[in-house]
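The values are calculated or read from the model by the stated rules, or taken from the named source; none is laboratory data. Just so it is clear, the model here is predicted, and its values are computed rather than measured. Here Cβ is always computed from backbone atoms with ideal geometry, including for glycine, and neighbour counts include all displayed protein chains.
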Amino acid sequence: MSAALNDCDEKSPFLLENEGAYQAWRARKLKIRQQLSPDRVFELDQQARLPQSMLEQARVQVDAYNFVLFQSAEEMDKKAFLELNHQFGLYRLDSNLGADQDSVTSLQVVAASDERAQYIPYTNRALNWHTDGYYNPHERRINAFALYCVHQAERGGGNHLFDHEWMYITIRDREPDLLAALMDEGLMRIPANVQGNRVIRPEESGPVFSVQPDSCALNMRYTSRPHNIVWKSDKRSEQALNFVREILMDGEGVIDLRLQQNQGIVCNNILHGRQAFHDKAERPGRLIYRARYYDAIDLADAPDSQVSGG
Ligand SMILES: [Fe+2]
């Protein structure tokens, strides 16, 4: 592990001391963002796989925006959804509270009597800016997730996205002195989730930005929810967090989209949120499959379009 950390120390564009690496990485990212549209939808083939001929384009799309939109010709089941994610190098699933047995979460409105109804994702309420699993311990850091829309809501239910690397660039370009506060291990503390006498999740703390030791990728943990979170309260931390809020409110760099039936997104753990929505009583309600991963997207060795048993 220490060797990997040293590797990242030397070459990561996300460390202030590596200014040359940062400028080169930033220039490439800006260039490809100018050339590509974030709302391109990649059409899957009849086996619900990304055609081999599109892998390179998907890879550049991820470099530019940290997400790829896709559309299947027919409804995908959860197995096909997971196999598609394998093409993006996503294998190590996180099984969060509320996930189905296969570790895929079926996001839909649940009955008030259901234990999950206390969590906003299982209601029709809006979800404010966050990254997924920000409360997870270090060894279960979420680096990517995927969504697939089985049914969209009658009204609402759109998502807003913000590339976490774009957030890093905005801060480093405008207020680089605030980055140290955002990388401070003690910045974010999430008190334990205790219900009755049972500890559902122990207390967790950590930074907003970190460099992942295995991939050297940038990870972001964030929530704009004021509840169940304690931020470090010194002046520098407050300035840094206010700046993040300002950037998100400013709107530049925010991408709005509304997944249609049979559309999905594979992304690194970018900032995102969800609009409130309304389901009609007489038809299936909004249903989104979600899979969270410890891996970051890696299209370098994407398997070909043959269906694998994995
Ligand atoms: Fe989320």
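Specify the residue that is surrounded by the fewest Cβ atoms within 10 Å (Cβ to Cβ); the eligible residues are those in the range 182-203 that are without any contact (Cβ under 8 Å) to a residue 60 or more places away in the chain and closer than 28 Å to Phe67 by Cβ. Within the range 182-203, the match that is surrounded by the fewest Cβ atoms within 10 Å (Cβ to Cβ) is Glu185. Looking at Gly253, is it under 30 Å from Glu43 (Cβ atoms), touching a His at 6+ places or on another chain (Cβ under 9 Å) and of a type outside the set (Val, Ile, Thr)? Against the criterion (under 30 Å from Glu43 (Cβ atoms), touching a His at 6+ places or on another chain (Cβ under 9 Å) and of a type outside the set (Val, Ile, Thr)), Gly253 does not qualify. Can we say Leu257 is within 16 Å of the ligand (Cβ to nearest atom) and either modelled with pLDDT of 95 or more or over 24 Å from Arg155 (Cβ atoms) (or both)? Yes; evaluated as a whole, the condition is true for this residue. As a summary of the residue check, Gly158 satisfies the conditions (1) closer than 20 Å to Gly264 by Cβ; (2) touching a helix residue (DSSP H, G or I) at 6+ places or on another chain (Cβ under 7 Å); (3) within 14 Å of the ligand (Cβ to nearest atom) except for the one numbered (2). In the range 267-286, the residues that are more than 16 Å from Pro38 (Cα to Cα) reach residues that are away from the ligand (no atom under 16 Å from the Cβ) and among the acidic types (Asp, Glu) with C-beta atoms within less than 6 angstrom, at least six apart or across chains, in these pairs: His278/Glu154; Asp279/Glu154; Lys280/Glu154; Gly285/Asp279; Arg286/Asp279.
Cβ-Cβ distances below 6 Å connect the following pairs, each with a first residue in the range 110-137 that is touching a residue at least 60 places away in the same chain (Cβ under 8 Å) and within 22 Å of Val266 (Cβ to Cβ), a second residue that is in a helix (DSSP H, G or I) and away from the ligand (no atom under 14 Å from the Cβ), and a separation of six or more residues or different chains: Trp129/Leu248. In the range 17-41, which residue that is in contact with a Phe, Trp or Tyr (Cβ under 8 Å, 6 or more places away or on another chain) and not basic (Lys, Arg) is nearest to Gln57 (Cα to Cα)? Among them, the one singled out is Leu36. Put simply, of Ser237, Ser305 the only residue that is more than 15 Å from the ligand (Cβ to nearest atom), modelled with pLDDT of 95 or more and either surrounded by 19 or more Cβ atoms within 10 Å (Cβ to Cβ) or closer than 21 Å to Glu75 by Cβ (or both) is Ser237. Taking the range 63-84 as the region of interest, how many residues are surrounded by fewer than 20 Cβ atoms within 10 Å (Cβ to Cβ), part of a helix (DSSP H, G or I) and hydrophobic (A, V, I, L, M, F, W, C)? Count: 1.
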